[in-house]
Every structure is written in structure tokens, then in C-alpha cells.
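The block underneath contains the structure these notes are about, expressed in C-alpha cells.
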Amino acid sequence: KQSRTNDIRTENSPLQIFVKAKKKINDIFLEIDDYVDDTVRFIDSLKDDHKIIAQEEVQKVEAYKDKVQGIRYVLKRDHMKVAFFGRTSNGKSTVINAMLRDKILPSGIGHTTNCFLQVEGSDGEEPYLITEGSDIKQPVQSVGQLGHALCKEKLCESNLVRIFWPKSKCLLLRDDVVFVDSPGVDVTPNLDEWIDKHCLDADVFVLVANAESTLMLAEKNFFHKVSTKLSKPNIFILNNRWDASASEPEFLDELDEQKEVRAQHQDRAVDFLARELRVYNTKDAEERVFFVSAKETLQARLKEQKGESAHSGALAEGFQNRYFEFQDFERKFEECISKSAVKTKFEQHTQRGKHISTEIRQTLNEILDRTQKMKAEQMNAQKEVRDKLNFTEQQLILLTQEMKDKIHRMVEDVEQRVSKALNE
Ligand code: GDP
């Protein structure tokens, strides 16, 4: 039943836009690869023949082979990347765990993320990690052990640790989403290095804010910097820990207060996205702000996996709304990342693929034109020879006739003379 539910989820997921586009563009490049291969083989076979093909043409087409292979290599590895930022302890790791439906990243006091952590899917069944500058696969048995492994490594804050988690355990990883957790933006980061190293190829940024306080300057500064380096980055703002703010409104005025707090956070977040960063208009910015509880969502999902009700993971009143809002965020996030990744990752490759096939077709057309011209020239030359032969033949016929007549006449003449001499 679980696998059927997963299948339905996979079919309906907006991530399929990317997954299907990736499959298609990989198939197309396989065809282009075959096409280039055929062309190289064909041109090679004609190389020494009657100077039909110039050496530069052979080299040009052979160079496309390497280019196509290079693109295919990149395409196979292309993924959708989402990066999470925010102050320490706002719940970045918990949000990622909730989305992955598993406790993968260590979270909580003593487990401050002190470097960049990237979670990506692997084909094997055992999780492992690779630290920056090394290619040793370190096995990861548990979250605790992962936390420990990260602590004992001497890692600099902008270093990257890649965690490979079995795709079979998580749909998002299977669909090629890669998650990046960052150290808190409050840890005096070297923003330029962070952005250059980890953000330039990110399709979506998620700012994990704390619903119990307002957006901090450190958080805002980071995104100001991002939007100077990337044109119109896709940003979502999660007001996390909404369970704490929304806790048990016993009286009507408490409920009103809660609504007011929400409206204030919402206005400030929209203002930040639309007026300060200018990445969205006000209406679109409203669609990018969510009030969630990552901890609760994760708990609910873990309970559900055990066959218990999601509600048994609730932390406070109003669970259902927060749970729906988290799912709503995920849906919009999936749509956004999928479309953005198709555009940023595949558009350029599509142009290159078109360029290569057009260039090859043009080269083949030039060769075809040239051979047709050569054939016509040969036919002309042959015609001249034929005409000459015909003429010679005619001449010969005429000549032979003339000779015959001449000899005949000579013979007659000789005969006459002989008989005349005899008579005399
Ligand atoms: P990070 O430093 O931003 O990665 O934050 P963590 O994910 O490590 O979370 C810090 C602490 O906040 C942990 O103890 C989490 O359990 C807790 N936490 C995270 N999200 C929530 C939430 O939505 N509600 C509550 N009540 N606690 C949360």
C-alpha cells in the first residue's frame, strides 16, 4: 500500500516536470551522440577519397564528439538544488528532516551545523558521507554518529560535507533534489565565499526564520548579497516554530493576538521580498511566505510511518492548519524548483545541442554539394571525350570510304594501263 501511495505521489509531484525533462534531454543527447558518431565514421571512410573532405572538416566533426560527451556527463548529474539559510537554531536542519521524512541531519543544542551539509541521493542501500577534499566514503549509521563524525572533523565554516542517503528511502532524493544546510548566518560568515561556493547553482533558497522574533539584519543582509549576485533568486520564507507562537489560544483575544502577530510577520516578509529585494511583486511574494512547525511536521510524519495518526505528533493546538501549511509550502516549492531547474540547467544545453546538430548538418550539406559538383564536372569531362570519339569515328568512316574509293580508282586505273600496255 505504501508503495502505491508513493507511486501516486510521484506521478502527481510537480518534480516530475524536471524528472521527465531530464530523461528527455538525456535521450535527445544520446541521439545526438549517435548522429555525431555516424558522421565521424562516414567522414572517416571518405577521408582519403578524391579529396572530397578537407582535413579541417574531419577535425571539426571529431571535436563535436568530445563536446557531446561532456554535455552528457553534466546532464546525467544535473539536479535541483535547494539551499537553507537562517540564524542558528531557527530549525533549518529540522525543516530538511521534515521534508525528507526522516531524521537525517543532526539538530538541536550541541549539534549546531558548523559547515555546509549537502544531502543527496545515492543508489546504494547504505548511507555515507564524504568530507571536502577527500574521496573516502565514511559510513553513517545514525544521526548521532553523523553528528559525532561532523564534530570530530576539523571543518571550516564554508567547507562542504556531502551526505549520501539511499534514494530508495526518500522520494525527493530519488527525484534528484539536493538539500543544502548552512551554518547560521549569524556566525560571522564570509558571505562572498559562501555564495560563490554554494549558492550560484541553487535553484531555490529557503529562509528559515523564527516566528517568535522578527527577521534579523544578518538574515536580510545575506539575501541582499545573494540578489546582487543572482538575478531574481527564488526565495521562500518559512516562519518556523509557529507551534510555539500559536500555543493554546484559550481566549478569543489570544486568538486575535495570534492573527495580528501572523499579519505583522507576513507584512514584513512580503515587504522584504517585494520592496527590498524586488524579487517578486507583492502578490507573488504573499505566496512565498509560510507559517509552519518543522519539528511537529517531522514528528507527525514519523508517527504516520509507524502506522499511527499524524495528529499524535502534534505539539500544540492548531496542528492540522500548520501541517497543511507545511504541505502547501512543499507543493509550491516543488513546482518552483522543478521549473527553475529545467530552465537554468537545461536551456543552455538545449541551445548547444541545437547548435551542434545544425553545424553538422551544414558540414554534411557542404560535402554533398561538393560531391554533386564533382560528379557534374566528371560527367562534362566524359561527354567531351565521347564527342571526340564520335567525331573520330565519323572521320574514320569517311576516311575509310574515301580510301576505298581511291584504291578502287587506282586499281581501275592500273588495270586500264596494264591492258593498254598489253594491247600495244
Ligand atoms: P538549525 O540550527 O537552524 O539547523 O536548527 P535545528 O534544526 O537544529 O533546531 C534547533 C532546535 O529547535 C532543535 O532542538 C529543534 O528540535 C527545535 N525546533 C526546530 N523546529 C522547531 C519547531 O518548529 N518548533 C519547535 N517547538 N521546535 C523546533
(Q) From the list K283, K295, exactly one residue is modelled with pLDDT of 95 or more and within 16 Å of the ligand (Cβ to nearest atom). Which is it? (A) K295
Q: Among the candidates E296, E334, single out the residue that is buried (at least 21 other Cβ atoms within 10 Å of the Cβ), among the charged types (D, E, K, R) and touching a helix residue (DSSP H, G or I) at 6+ places or on another chain (Cβ under 8 Å).
A: E296
**Q.** The one condition in (1) under 30 Å from K295 (Cα atoms); (2) surrounded by fewer than 19 Cβ atoms within 10 Å (Cβ to Cβ); (3) within 31 Å of the chain's Cα centre (by Cα) that T344 fails to fulfil
**A.** (1)
Q. Do the conditions hold for A310, that is, is it more than 16 Å from V204 (Cβ to Cβ), among the small types (G, A, S), within 16 Å of the ligand (Cβ to nearest atom) and in contact (Cβ under 8 Å) with a residue 60 or more places away in the chain?
A. no
Q. Listed residues K81, K103, K76; which is over 30 Å from I367 (Cα atoms) and crowded, with 24+ Cβ neighbours inside 10 Å?
A. K81
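So that you can scan it fast, the table gives a plain yes or no per residue for (1) within 30 Å of A376 (Cβ to Cβ); (2) within 16 Å of the ligand (Cβ to nearest atom); (3) more than 30 Å from the chain's Cα centre (by Cα); (4) touching a residue at least 12 places away in the same chain (Cβ under 8 Å):
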| site | (1), (2), (3), (4) |
| --- | --- |
| Y35 | yes, no, no, yes |
| V40 | yes, no, no, yes |
| D48 | yes, no, yes, no |
| K51 | yes, no, yes, no |
| E57 | yes, no, yes, yes |
| V61 | yes, no, no, yes |
| H79 | no, no, no, yes |
| F85 | no, yes, no, yes |
| I96 | no, yes, no, yes |
Q: Could you look through the range 63-77, keep only residues that are touching a residue at least 40 places away in the same chain (Cβ under 8 Å) and of a type outside the set (D, E, K, R), and pick out the one that is farthest from the ligand (Cβ to nearest atom)?
A: Y64
Q.
Within the range 299-328, take every residue that is over 37 Å from the mean Cα position of the chain (by Cα) and of a type in the set (A, V, I, L, M) and give me the one that is surrounded by the fewest Cβ atoms within 10 Å (Cβ to Cβ).
A. A316
Q | Among residues of the range 233-252, those that are at pLDDT 90 or above and away from the ligand (no atom under 16 Å from the Cβ), counted | A | 3
(Q) Condition (residue is under 20 Å from A341 (Cβ atoms), within 16 Å of the ligand (Cβ to nearest atom) and touching a Ser or Thr at 6+ places or on another chain (Cβ under 8 Å)) applied to the range 171-182: is it met by at least one residue? (A) yes
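The values are calculated or read from the model by the stated rules, or taken from the named source; none is laboratory data. Note that the structure is predicted; figures quoted are calculated from it, not measured. Cβ: placed from backbone, ideal geometry, glycine included. Neighbour counts: every protein chain shown.
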